[in-house]
Amino acid sequence: MSAAPILQVDDIAVTYSQLIPALRGVSLTVPAGAIVALLGGNGAGKTTTLKAISSLIRAERGELTSGHITYRGDSIGNADPWTLAARGLVQVLEGRRCFAHLSVEDNLRLGSFVRRPTRGDLSADLDRIYEIFPRLKERRLALAGYTSGGEQQMVAIGRALMARPALVLLDEPSMGLAPQVVEEIFETVAALNRDDGVSFLLAEQNAAIALRYAQFGYVLESGRVVAQGTAQTLLGLDTLRDAYLGSSKADVDGAARGSRRLQA
Ligand code: ATP
């Protein structure tokens with residue numbers, strides 16, 4: 001991958017509550033315009049990596065104890081999450097967090113606050129989100145808490161998009177969703193990447209689906225990177241197949257074919 005990185009993570013270590021080590025020496029690169037997958041099982045350190053980048057670990061008594069993180073060429077180790085969002089780096093938290101008692105549209109509006117948009121910009125951005133997720137337009141006045149899991153994931157992603165991001169850190173988008181909805185979410189990610197040039201760092205336990213869409217991936221285990229490579233290389237690793245019992249061999253083989261098609 002030759003594009004200059006939009007994100008560079010160099011040898012970072014993270015500790016929670018000053019004594020629980022969660023990451024040790026994690027390094028990764030997201031080239032501008034790429035979709036990069038961050039794979040691993042429960043507790044491997046995916047969320048911690050994303051939160052270290054977005055500075056959200058501090059809210060959980062987590063601390064970046066060593067290493068460097070660079071976004072668009074600038075060191076961001078100590079930046080606050082709002083400043084990062086205003087600069088186009090946003091995170092979609094695991095579990096499709098929405099403000100349950102606010103309408104779908106109000107949830108989306110909240111995502112634009114970091115940009116302080118004019119009324120016209122806000123309305124144009126909402127129209128754009130409804131173009132991407134037509135279902136949210138139909139549900140725009142519904143309370144987010146009463147929408148389906150898939151719709152809530154769309155609200156969470158839509159809210160991030162309202163910040164007009166250059167890089168989205170997307171945490172476990174497939175979690176708890178039906179396969180058809182997962183497919184729809186990933187197709188949207190692919191379209192945003194292709195049409196708008198948005199880069200993604202995508203944390204997923206479901207390696208089969210993530211590697212169908214990502215060009216490159218990293219595998220985390222116990223807070224360390226244990227494998228990295230192109231989607232095709234990773235799909236060929238027996239250890240990756242063994243590590244993801246949730247992904248049947250048929251799924252992984254299907255993903256390998258899909259990945260080859262995309263790269264052909
Ligand atoms: P999952 O898919 O289950 O969310 P993950 O790969 O995202 O897993 P993390 O949530 O980053 O993994 O967790 C990495 C390690 O850090 C785990 O051992 C976890 O128990 C620990 N950890 C995560 N959050 C905290 C916290 N707030 N305080 C203490 N330890 C934490």
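The values are calculated or read from the model by the stated rules, or taken from the named source; none is laboratory data. A quick note: this is a predicted structure, and the numbers were derived from the prediction, not measured. Note: areas computed on protein heavy atoms with side chains; ligands, DNA, RNA excluded. Shrake-Rupley method; radii C 1.70, N 1.55, O 1.52, S 1.80 Å.
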Seminar exercise, completed: Ordering Val226, Val181, Val104 by the accessible surface of their heavy atoms, 1.4 Å probe, largest first, yields Val226, Val181, Val104
Seminar exercise, completed: Using alpha-carbon positions, the gyration tensor of the chain gives root eigenvalues a ≥ b ≥ c; with a/c under 1.5 called rounded, otherwise prolate if a/b exceeds b/c, else oblate, the class is oblate
For this session: Taking H placed 1.01 Å from N in the peptide plane, check which residues at least 5 places from Leu202 or on another chain put their amide H under 5 Å from its amide H.
Result: Val36, Ala37, Leu38, Leu170
For this session: Sort all Cα-Cα distances of segment 1-147 into consecutive 10 angstrom bins from zero, then give the percent of pairs in each bin up to the one containing the longest distance.
Result: 10, 32, 32, 22, 4
Problem set entry | DSSP bridge pairs, the chain: antiparallel proportion in percent, nearest 5 | 60 percent
Seminar exercise, completed: Per-residue accessible area, 1.4 Å probe, largest first, puts Ile157, Ile132 in the order Ile132, Ile157
Exercise. Most fluctuating residue of Glu60, Glu151, Glu172 in a GNM of the chain with Cα springs under 10 Å: which is it?
Worked result: Glu60
Exercise. Once the whole set of protein chains is in place, how much accessible area is left on Leu28, using a 1.4 Å probe, in Å² to the nearest 10?
Worked result: 0 Å²
Seminar exercise, completed: Note: Arg61 to Asp10 extended length (0.36 nm per residue) minus current alpha-carbon separation gives 16.2 nm
Seminar exercise, completed: Helix-only [θ] at 222 nm, the chain, -39500 (n - 2.57) per DSSP H run of 4+, per residue, nearest 500, equals -11500 deg cm²/dmol
For this session: Could you go through segment 77-84 in sequence order and give the Karplus-derived ³J(HN,Hα) for each residue, using 6.51 cos²θ - 1.76 cosθ + 1.60 with θ = phi - 60°, rounded to whole Hz, and x for Gly and Pro?
Result: x, 10, 6, 8, x, 5, 5, 5
